[in-house]
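The values are calculated or read from the model by the stated rules, or taken from the named source; none is laboratory data. Remember, predicted model here, so these are calculated numbers, not experimental data. Here Cβ is always computed from backbone atoms with ideal geometry, including for glycine, and neighbour counts include all displayed protein chains. Only protein heavy atoms, including side chains, enter the accessible area calculation; ligands, DNA and RNA are left aside. Shrake-Rupley method; radii C 1.70, N 1.55, O 1.52, S 1.80 Å.
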Amino acid sequence: MPAISLYQSGLTSRILISGAGMTPAKVPEWRLYLDHALASGVAETAILLEKEARNTAENADFGAALIEAELGWDRVNSMAVCAKPFHMRRAVMTLRKYIPPHVRLIARPPEDPRDLSAQNWWHTDQGRERVLRELGKISEYALKSDLGDV
């Protein structure tokens with residue numbers, strides 16, 4: 001998880017974990033990521049935990065509200081966005097609607113060779129389906145005004 005490596009290397013002192021979605025093992029996303037972070041040595045006090053978001057727009061909205069309440073946006077200059085490569089564009093575009101314009105966004109996808117990438121997504125039916133579904137979601141978000149300026 002890129003957020004953990006950023007924390008371990010001292011590049012961030014806080015990690016936001018967000019998401020109520022369920023993993024294939026029927027565990028909430030937030031629980032999976034929290035357990036992994038704690039097992040990797042991230043201090044519990046370093047974690048901002050958002051348990052309600054059911055989609056990317058809610059991740060951005062609820063996460064931004066939590067950052068404002070816990071830290072204050074005036075104390076945040078940059079933010080690493082940790083998301084799968086095929087999802088990164090929508091994540092960044094969505095965040096732009098919910099965070100202040102002075103905050104620099106840094107895309108930091110995981111480096112997992114099993115993930116879809118620009119070099120391989122079209123090689124499988126599943127890869128093509130996921131990327132095309134993601135493009136459709138960008139369109140849906142745009143129509144609902146859930147995207148900000150990038």
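Springs join every pair of Cα atoms under 10 Å in this Gaussian network model of the chain, and among Pro113, Pro101, Pro28 the largest mean-square fluctuation is at Pro113.
The shape of region 6-96 comes out rounded: with a ≥ b ≥ c from the C-alpha gyration tensor, a/c is under 1.5.
Can you classify region 79-150 as rounded, prolate or oblate using the Cα gyration tensor, where a ≥ b ≥ c are the square roots of its eigenvalues, rounded means a/c under 1.5, and otherwise it's prolate if a/b beats b/c and oblate if not? Note, shape of region 79-150 comes out oblate.
Accessible surface area normalised per residue over the chain is 61 Å², counting heavy atoms of protein chains with a 1.4 Å rolling probe. Ordering Gly127, Ile67, Asn77 by Cα displacement along the dipole of region 43-150 toward the positive end leaves Gly127 in first place; charges were set at the Cβ atoms of Lys, Arg (+1) and Asp, Glu (-1). The mean sequence separation of alpha-carbon pairs under 8 Å and at least six residues apart, normalised by the residue count of the chain, gives a relative contact order of 21 percent. For Lys144, the lysines whose Cα comes closer than 21 Å to its Cα, not counting residues fewer than 8 places off in the same chain, are Lys97. Along the axis of the charge dipole computed for the chain (Cβ charges of +1 for Lys and Arg, -1 for Asp and Glu, origin at the Cα centre), the listed residues Pro110, Met1, Gly41 are led at the positive end by Pro110. Relative to the Cα centre, the charge distribution of the chain, modelled as +1 at Lys and Arg Cβ and -1 at Asp and Glu Cβ, gives a dipole magnitude of about 280 debye. Rounded to the nearest whole Hz, the Karplus-based 3J(HN,Hα) values (6.51 cos²θ - 1.76 cosθ + 1.60, θ = phi - 60°) of region 102-109 follow the sequence 6, 7, 7, 9, 10, 6, 9, x, with x at glycine and proline. Computed over region 69-125, relative contact order equals 43 percent, with contacts defined as Cα pairs under 8 Å that lie 6+ residues apart.
Counting only protein heavy atoms and using a 1.4 Å probe, what share of the accessible area of the chain belongs to carbon plus sulfur, as a whole percent? Carbon and sulfur atoms account for 53 percent of the accessible area of the chain.
Setting aside same-chain residues fewer than 8 positions from Lys26, which lysines have a Cα under 28 Å from its Cα? Partners within reach: Lys51, Lys84, Lys137.
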